[in-house]
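Data first, discussion second: the structure below is written as structure tokens.
The values are calculated or read from the model by the stated rules, or taken from the named source; none is laboratory data. Worth saying up front: this structure is predicted, and the values here are computed from it rather than measured. Neighbour counts are summed over all protein chains in view; Cβ atoms, including those assigned to glycine, are modelled from backbone coordinates with ideal geometry.
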């Protein structure tokens, strides 16, 4: 086994899962955007020395493409073996890993439809404005 492979195996579990990361997937309550965040299990956790449990608080914000900057606040509680025992969220809802791809596709489709509707409305307004301007400037209409 090469040095690189041994180094890689220090951070990757035998089943291919990253031992250092815990991924949390959420959907914004305001706009429906899917927002994911990574918890570094070695650096992000705070230990409660009385109970031996760990806590992490993350604030997630989407990319803002639809002008929604809703804060999604996530708090995760882990036992002394760093296994998730409880979680809470405000400003969104949790998604399971198998729901993420479908939720992202639905969000992207909804955004594309909204963009198409807005473009159609803009063109309709421009056409109406153009027809009003031609009526007021057309000398043959002033009889």
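Overview of results
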{"quantity": "Answer from 24, 39 - the residue that is free of Cβ contacts under 8 Å to residues at least 40 places away in the same chain, surrounded by 17 or more Cβ atoms within 10 Å (Cβ to Cβ) and within 18 Å of the chain's Cα centre (by Cα)", "calculated": "39"}
{"quantity": "Qualifying residue in the stretch 122-136 (condition: exposed (fewer than 12 other Cβ atoms within 10 Å of the Cβ), modelled with pLDDT of 90 or more and under 16 Å from residue 31 (Cβ atoms))", "calculated": "no"}
{"quantity": "Number of the condition not met by residue 64 [criteria: (1) over 21 Å from residue 18 (Cβ atoms); (2) surrounded by 15 or more Cβ atoms within 10 Å (Cβ to Cβ); (3) without any contact (Cβ under 8 Å) to a residue 24 or more places away in the chain]", "calculated": "(2)"}
{"quantity": "Test set (1) surrounded by 10 or more Cβ atoms within 10 Å (Cβ to Cβ); (2) modelled with pLDDT of 90 or more; (3) not in a strand (DSSP E or B) - residue 81 fails condition number", "calculated": "(1)"}
{"quantity": "Filter result (touching a strand residue (DSSP E or B) at 6+ places or on another chain (Cβ under 7 Å) and in contact (Cβ under 8 Å) with a residue 40 or more places away in the chain) within the stretch 88-97", "calculated": "89, 91, 92, 93, 94, 95, 97"}
{"quantity": "Tally, over the stretch 26-54, of residues that are farther than 25 Å from residue 99 by Cβ and in a strand (DSSP E or B)", "calculated": "3"}
